[in-house]
Amino acid sequence: LNAPKGMALVKNTLWVSDLDEVTAIDIKTGKITKRIKIDGAGFLNDVAADAKGTVYVSDSKTKKVHKIENGKATVLLENLSGPNGLLVHNKELYVLDNGTFNKVSKDNKLQQLASGLEGHTDGIENVQGDEFIVSGWEGVIYYVKANGESQKLLDTRDQKINSADIGYDATNKIVYV
């Protein structure tokens with residue numbers, strides 16, 4: 001791999017964004033099984049996948065989100081501000097786009113759920129129901145409530161400690177930064 005960023009697991013395949021392609025890796029053997037080139041990609045970033053195996057990848061440079069189905073990539077969203085973090089939760093795709101937290105509607109439009117999230121929004125994890133943890137690359141972690149209100153949980157920007165992607169352990173209620 002050249003510069004891997006986001007990852008998503010679908011059954012025994014790990015999907016990894018890598019500059020201008022998405023790479024499929026068999027987790028049992030560690031071997032690359034497929035490379036899907038994204039035409040015109042500039043900086044593929046986060047990856048998410050649904051239960052059916054559809055893979056989504058953000059391109060922070062070209063400001064698009066791509067969808068990969070049956071080995072073919074298409075543009076799902078374009079003309080965004082700066083997409084990065086992606087999450088599929090309850091069969092819906094969520095997108096962080098330069099300080100906004102959005103859900104993708106059935107007609108592939110962004111429905112803004114929260115705004116004013118500073119620090120180059122990066123990672124999304126569901127906590128419970130329609131509540132989420134959102135990170136900003138510059139060092140901010142937010143709790144976003146179902147009504148769109150956000151609460152700053154951590155801000156390490158003054159210490160210059162970045163907080164890119166995150167993980168969440170729902171059993172022990174721990175956020176991994």
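The values are calculated or read from the model by the stated rules, or taken from the named source; none is laboratory data. In this text the structure is predicted, and so the values were computed from the model without any measurement. So basically every Cβ, Gly included, is an ideal-geometry build from the backbone, and we count neighbours across all protein chains shown. Keep in mind that these areas ignore ligands, DNA and RNA; they rest on the heavy atoms of the full protein, side chains included. Shrake-Rupley method; radii C 1.70, N 1.55, O 1.52, S 1.80 Å.
A few remarks follow.
- Between segment 27-46 and segment 105-175, the alpha-carbon centres lie 25 Å apart.
- Derived scalar couplings between HN and Hα for segment 10-17 equal 10, 6, 9, 10, 9, 9, 10, 7 Hz in order, rounded to whole Hz, by the Karplus curve 6.51 cos²θ - 1.76 cosθ + 1.60 (θ = phi - 60°), x for Gly and Pro.
- Qualifying trypsin sites (Lys or Arg not before Pro) in segment 83-144, where qualification requires a DSSP coil assignment and no more than 16 other C-beta atoms within 10 Å, comprise K91, K106, K109.
- When the chain is treated as a GNM with alpha-carbon contacts under 10 Å, the residue of A24, A41, A146 showing the greatest mean-square fluctuation is A146.
- Working from label points 7 Å from Cα in the Cα-to-Cβ sense, the Q151 to K109 distance is 3.2 nm.
- For the set E78, E125, solvent exposure ranked by accessible area (probe 1.4 Å, protein chains only) runs largest to smallest as E78, E125.
- Solvent-free Debye scattering, log10 I(q)/I(0), computed from the Cα coordinates of segment 46-115 at q = 0.20, 0.22, 0.29 Å⁻¹: -0.74, -0.90, -1.53
- Evaluated at q = 0.10, 0.12, 0.15, 0.22 Å⁻¹: base-10 log I(q)/I(0), Debye formula over Cα of segment 21-141: -0.30, -0.43, -0.66, -1.30
- Net charge dipole, the chain: roughly 540 debye, given to the nearest 20, about the Cα centre with Cβ charges of +1 for Lys and Arg and -1 for Asp and Glu.
- Full extension of the chain between T171 and N12 yields a length gain of 54.9 nm, computed as 0.36 nm times the residue separation minus the alpha carbon distance.
- Trypsin sites (Lys or Arg not before Pro) restricted to segment 1-67 and DSSP loop, no more than 11 other C-beta within 10 Å: K11, K28, K31, K52
- Remark: segment 85-100, residue by residue, has Karplus-estimated 3J(HN,Hα) of x, 10, 8, 9, 9, 6, 6, 10, 9, 10, 9, 8, 9, 6, x, 10 Hz, where x stands for each Gly or Pro and the curve is 6.51 cos²θ - 1.76 cosθ + 1.60 at θ = phi - 60°.
- With the cut-off at under 20 Å, measuring from each backbone N in segment 107-130 to a point 7 Å along the Cα-to-Cβ line of E92 picks out 107-117, 122-130.
- For the chain, the carbon plus sulfur part of the accessible surface works out to 45%, probe radius 1.4 Å.
- Under 5 Å between amide hydrogens, built in the peptide plane, is the criterion, and for K64 it picks out D59 among residues at least 5 positions away or on other chains.
- Of the chymotrypsin sites (Phe, Trp or Tyr not before Pro) found in segment 43-134, none is in coil by DSSP with at most 14 other Cβ atoms within 10 Å of its Cβ.
- Bridge orientation summary for segment 103-177: considering DSSP beta bridges with both residues in this region, about 100 percent are antiparallel.
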